[in-house]
Amino acid sequence: MRSLLGWQDLGDDLAAVDHVPIRDGDIGGDAGSCCADRDFKFHGFHDGDDVAFGNGRFVVVGDSGIVLSSSDGQNWTGETSGTAAALVALTFTGSQFVAVGESGTVLTSVDGSSWSSQTSGTSSSLLDIAHAEGLLVAVGSTGEILTSPDAVSWTPRASGISTDLRGVAW
């Protein structure tokens, strides 16, 4: 799994989490102290796998179904995801957050707080998700590719390979 925080010093104590800018000292630590070992805590939270921003909220997903949300990047609330499966990737579609993970887990949320489980139709772990032009694409272990217009109805697509697909980008 990829690390949530690939901190990068951008000057003036600004660092980047994935592609969401976070100011030094936000989320329970500072970029200077985390960069030496690339380990960072969200108020004691480790193993965050992805972050997204939408509808005025930051959302983080991670191991054991952990979901955190924040409106300001400083004060974080643990949310109930309804799963114990690792959540590996997250995207925001413009209207909802979509998280994917172990054993074909797909969760959706409009606000980052209330989560609903969706049926992906696969038991393969989903390792990444992307959204563009009204289409979601999730990829995963054993060459799994799924597409969906709404994160509810998923269609399997043939990749022609059996190795893990760990990333998808638009």
For the range 97-112, enumerate the residues that are part of a loop (DSSP other than H, G, I, E, B) and either within 19 Å of R166 (Cα to Cα) or open to solvent by 10 Å² or more (accessible area, probe 1.4 Å) (or both). T105, V110, D111
Residues in the range 61-80 that are under 22 Å from V152 (Cα atoms), open to solvent by less than 10 Å² (accessible area, probe 1.4 Å) and outside any strand (DSSP E or B) total 1
Here are some conditions: (1) surrounded by fewer than 19 Cβ atoms within 10 Å (Cβ to Cβ); (2) more than 22 Å from A169 (Cβ to Cβ); (3) not charged (D, E, K, R). G143 meets all but one. Which one does it not meet? (2)
Within the range 81-96, identify whether any single residue is among the β-branched types (V, I, T), open to solvent by 70 Å² or more (accessible area, probe 1.4 Å) and on the phi < 0 side of the Ramachandran plot, and answer yes or no. no
Please count how many residues of the range 113-140 are open to solvent by less than 60 Å² (accessible area, probe 1.4 Å), within 17 Å of V51 (Cα to Cα) and assigned to a loop (DSSP other than H, G, I, E, B). 2
Within the range 146-170, the residues that are touching a helix residue (DSSP H, G or I) at 6+ places or on another chain (Cβ under 7 Å), open to solvent by 60 Å² or more (accessible area, probe 1.4 Å) and either among the hydroxyl-bearing types (S, T, Y) or not in a loop (DSSP other than H, G, I, E, B) (or both) are S162, T163
Please list, ordered by first then second residue, the pairs with beta carbon atoms under 8 Å, 6 or more apart or interchain, first in the range 89-100 and within 13 Å of L68 (Cα to Cα), second of a type in the set (F, W, Y). L90/F97; A99/W115
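The values are calculated or read from the model by the stated rules, or taken from the named source; none is laboratory data. Predicted, not measured: the structure shown is a model, and the values here were computed from it. No Cβ is skipped: glycine too gets one built from the backbone with ideal geometry, and neighbour counts run over all protein chains shown. Surface accessibility is based on the protein's heavy atoms, side chains included, excluding ligands, DNA and RNA. Shrake-Rupley method; radii C 1.70, N 1.55, O 1.52, S 1.80 Å.
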